[in-house]
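A.B. asks: Could you have a look at this structure, given as structure tokens, before my questions?
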Amino acid sequence: MEILFYIAATVTVLATLRVITHVHPVHALLYLVVALIALAFIFYLLGAQFAAALEIIIYGGAIMVLFIFVVMLLGPLAAEQEKSWLTPGAWIGPSILALVLLGEVGYLIAVGDHPVTIVAETQQKAVSIALYGPYIIAVELASMLLLPGLIGAYHLGRRISREDR
Amino acid sequence: MLSTPALVLAIVLFGLGLIGLLSRRNILYMLLSLEIMLNAAALAFIAGGARWGQADGEVMFLFILTLAAAEVSVALGIVLQLSHRFRTVDADALCELRG
């Protein structure tokens, strides 16, 4: 099972290298999504299934969608390049890396044996009890962090639309 | 035991993110590098939690996720302001303070 980890780690490092060396933001975002999915696979191999699901849903879904919105909103800076951004060739690299990950997941399903037995499985129940037991102050602090985040994003975005009028 | 290679991978990812943050001047790529570094820290926490069989690693992962969501929403608002006022996404354009 360790070979699965090393393949996923290689995919992560390659995709991350392409993120920091790429010129087009949309291509870099595609590679970053692949890197995040590979990292979620590594979380699964380490026995943290819930963290793997959250990594895909929140990082790969919500945060990357925010980045894509902003890249598209940058409009006048990027309008000339947009046609060359999403050429068919742009999908080849991320597709190959994602196919490697798909092969790994297919192998796991075909084998049918959960690989989390290599490490001690952290119980989801224990995570929930710790989160709402000793860490309850940190949960409250996280909610106090999210509210300024919401207000700050609203404030920074609102002034653009007002100046446009 | 996968914890040691996972920690090595976390170090490599953090280094790549740091190199990207220091070498790129496009503020969008600097944010992407920050995300990579946050992910490397999350991987280190998960690996530590798996090594000791404790739940604290995943709890810290949840907090890192919250932090990343709040940071990205504010930072992308700043990117939009930067592109709107200075007509560029170059971080070096913000040099009015001559710091």
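Derivation of every value follows stated rules applied to the coordinates shown; laboratory data play no part. Bear in mind that the values here come from a model prediction, so they are computed numbers and not experimental data. Using ideal geometry, Cβ is built from the backbone for each residue, glycine included, and neighbour counts are taken over all protein chains shown.
A.B. asks: How big is the charge dipole of segment B:41-99 about its Cα centre, in debye rounded to the nearest 20, if each Lys and Arg gets +1 on its Cβ and each Asp and Glu gets -1 on its Cβ?
C.D. replies: Using Cβ point charges on Lys, Arg, Asp and Glu, segment B:41-99 gives about 120 debye.
A.B. asks: Compute the helix-to-body angle for B:56-86: its Cα long axis versus the longest principal axis of chain B, expressed 0 to 90° and rounded to tens.
C.D. replies: Once rounded, the angle reads 10 degrees.
A.B. asks: Report, in debye and to the nearest 20, how large the dipole of segment A:2-115 comes out about its Cα centre when Lys and Arg carry +1 and Asp and Glu carry -1 on their Cβ.
C.D. replies: My answer is approximately 200 debye.
A.B. asks: Taking each residue in A:3-15, count the Cβ atoms of any other chain within 10 Å of its Cβ, then average. What number comes out?
C.D. replies: 2
A.B. asks: Okay, next question. Within 10 Å of each Cβ in B:22-33, how many Cβ atoms from other chains are there, averaged over the peptide?
C.D. replies: 3
A.B. asks: For the ranges B:33-45, A:28-40, what's the packing order if you count other beta-carbon atoms within 10 Å of each residue, average per peptide, and put the highest first?
C.D. replies: In descending order of packing, they fall as A:28-40, B:33-45.
A.B. asks: Sticking with this structure for a sec: Relative contact order (percent) for chain B, with alpha-carbon contacts under 8 angstrom and 6 or more residues of separation?
C.D. replies: 27 percent.
A.B. asks: Quote the charge dipole size of the protein assembly as shown about the Cα centre in Debye, to the nearest 20; the model charges only the Cβ of Lys and Arg (+1) and of Asp and Glu (-1).
C.D. replies: The dipole of the protein assembly as shown has a size of about 680 debye.
A.B. asks: Ranked highest first by average number of other Cβ atoms within 10 Å, how do A:51-60, A:102-111 line up?
C.D. replies: Answer by packing, highest mean first, reads A:51-60, A:102-111.
A.B. asks: Averaged over its residues, how many other protein chain Cβ atoms are within 10 Å of peptide B:44-54's Cβ atoms? Write out the running numbers ahead of the final one.
C.D. replies: On the way: counts 0, 2, 10, 5, 1, 8, 12, 3, 2, 7, 5.
Per-residue shielding by partner chains comes out at 5.
A.B. asks: Measure nothing but the geometry: give the 0 to 90° angle between the long axis through the Cα atoms of B:27-52 and the longest principal axis through the Cα atoms of chain B, rounded to 10°.
C.D. replies: Here the helix axis deviates by roughly 10 degrees.
A.B. asks: Oh, and also: Using the Karplus curve 6.51 cos²θ - 1.76 cosθ + 1.60 with θ = phi - 60°, work out ³J(HN,Hα) for each residue of segment A:60-66 in order, rounded to whole Hz, and write x for Gly and Pro.
C.D. replies: x, x, 5, 5, 5, 5, 4
A.B. asks: Here's something else I'd like to know. Sort B:11-20, B:58-67 by the packing proxy (mean of other Cβ within 10 Å over each peptide's residues), most packed first.
C.D. replies: B:58-67, B:11-20
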